[in-house]
Amino acid sequence: MGLLAFLKTQFVVHLLIGFVFVVSGLIINFIQLFTLVLWPINKQFYRRVNCRLSYSLWSQLVMLLEWWSGTECTLFTDQETVDKFGKEHVVIILNHNFEIDFLCGWTMCERFGVLGSSKVLAKKELLYVPLIGWTWYFLEIVFCKRKWEEDRDTVIEGLKRLSDYPEYMWFLLYCEGTRFTETKHRISMEVAESKGLPKLKYHLLPRTKGFTTAVQCLRGTVAAVYDVTLNFRGNKNPSLLGILYGKKYEADMCVRRFPLEDIPQDEKEAAKWLHKLYQEKDALQELYNQKGVFPGEQIKPTRRPWTLLNFLAWATILLSPLFSFAFGVFASGSPLLILTFLGFVGAASFGVRRLIGVTEIEKGSSYGNQEFKKKE
């Protein structure tokens with residue numbers, strides 16, 4: 001085992017990476033708080049500043065995937081579609097089966113220059129998660145309770161507010177509403193049967209309200225819908241902890257572009273279009289399971305150095321004083337100071353582990369477990 005491979009397995013190294021992410025994130029959130037004064041003066045300048053601040057935080061996680069673990073992401077699509085990446089506003093539809101599916105999506109955002117301006121329709125609980133939710137608040141992310149009667153006005157207002165966004169944005173929708181589990185899949189297919197909809201083997205039944213509303217509100221701003229179907233070679237199920245330990249994965253992403261004018265404007269017809277799309281996604285998953293590849297040309301976008309340089313800059317700024325402080329504490333010989341410092345380290349470790357826990361499937365929400373009792 002080489003030195004770098006050894007370091008990737010060490011808890012102390014993981015703690016230092018977590019320290020850099022958390023402290024830099026709090027500094028970024030603090031700066032974002034002061035940028036609020038820019039909103040009434042120059043809204044577009046406020047947005048551009050926050051895109052770059054958000055990039056400085058999210059790119060650290062992308063760095064872990066690209067440079068620390070060396071995970072490869074391959075696109076299965078055509079060059080004409082790739083040529084449009086990062087040059088238009090789009091809605092992204094991604095299957096929600098893996099703990100790091102969002103990270104693979106962010107990697108593609110980074111490689112095409114839209115990571116800082118990427119958006120998502122997120123559950124409101126995340127708004128209260130430090131770093132993640134706070135950064136998203138300043139980035140004008142649309143939050144919802146996942147109860148349409150309560151969400152409708154909030155979602156519509158949030159989407160319409162993005163109509164004049166100054167930088168190209170990729171708006172991510174997890175139309176299944178929650179991560180795939182066997183229990184949720186069984187219940188979801190009971191709903192499909194009760195509604196006379198075709199059953200899906202690899203996906204949950206898509207929830208159409210968020211999609212149809214996003215398409216209606218962003219029509220005239222968004223140019224296309226990108227359907228992305230993600231799988232990992234070798235039937236692997238990666239986790240953020242695995243990435244932190246330096247495990248390398250190979251992600252395959254089948255991308256199809258649908259011009260927005262091809263999607264029906266009528267809400268019911270748009271919902272039918274989405275259900276048909278998920279039947280096609282299911283067929284793509286079946287094909288991948290049989291052949292190990294998606295159809296289409298294989299394209300590997302170039303990895304850029306900015307995520308690594310950004311992390312190294314933050315590590316240099318934050319770790320130097322930390323090491324000096326730690327040396328001073330132990331050199332003092334004071335049991336109280338040493339115990340206080342170790343307590344801080346333990347609290348930091350707990351905090352980092354809780355942040356990682358947000359991505360874990362087994363700790364995901366119970367949303368969908370009782371949906372067979374409800375109507376969409």
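Miscellaneous remarks
- You will find that of F76, F85, the residue that is more than 27 Å from V129 (Cβ to Cβ), modelled with pLDDT of 95 or more, open to solvent by 10 Å² or more (accessible area, probe 1.4 Å) and not aliphatic (A, V, I, L, M) is F85 and no other.
- When G25 is tested against (1) modelled with pLDDT under 95; (2) small (G, A, S); (3) open to solvent by 10 Å² or more (accessible area, probe 1.4 Å), just one condition goes unmet, and that condition is (3).
- I299 being over 22 Å from the mean Cα position of the chain (by Cα) and aliphatic (A, V, I, L, M): no
- Q298 meets the conditions (1) in contact with an Asp or Glu (Cβ under 7 Å, 6 or more places away or on another chain); (2) open to solvent by 60 Å² or more (accessible area, probe 1.4 Å) in every case but one. The failed one is (1).
- Taking the numbered list (1) surrounded by fewer than 18 Cβ atoms within 10 Å (Cβ to Cβ); (2) more than 26 Å from L240 (Cα to Cα); (3) in contact (Cβ under 8 Å) with a residue 60 or more places away in the chain in turn, L126 passes all entries but (2).
- Answer residue from the range 127-154, given it is touching a strand residue (DSSP E or B) at 6+ places or on another chain (Cβ under 7 Å) and not polar (S, T, N, Q) and is nearest to Q60 (Cα to Cα) among those: W136
- F311 modelled with pLDDT of 85 or more, within 23 Å of the chain's Cα centre (by Cα) and of a type in the set (F, W, Y): yes
- Meets criteria (of a type in the set (D, E) and without any contact (Cβ under 8 Å) to a residue 12 or more places away in the chain) for D83: yes
- Any hit, the range 324-331, residues being modelled with pLDDT under 90, farther than 21 Å from I132 by Cα, among the β-branched types (V, I, T) and assigned to a helix (DSSP H, G or I): yes
The values are calculated or read from the model by the stated rules, or taken from the named source; none is laboratory data. Quick caveat: nothing in here was measured; it's all calculated off a predicted structure. FYI the Cβ positions are ideal-geometry reconstructions off the backbone, even for glycines, and counts take in every protein chain you see. SASA here: full protein model, heavy atoms, side chains in, ligands and nucleic acids out. Shrake-Rupley method; radii C 1.70, N 1.55, O 1.52, S 1.80 Å.
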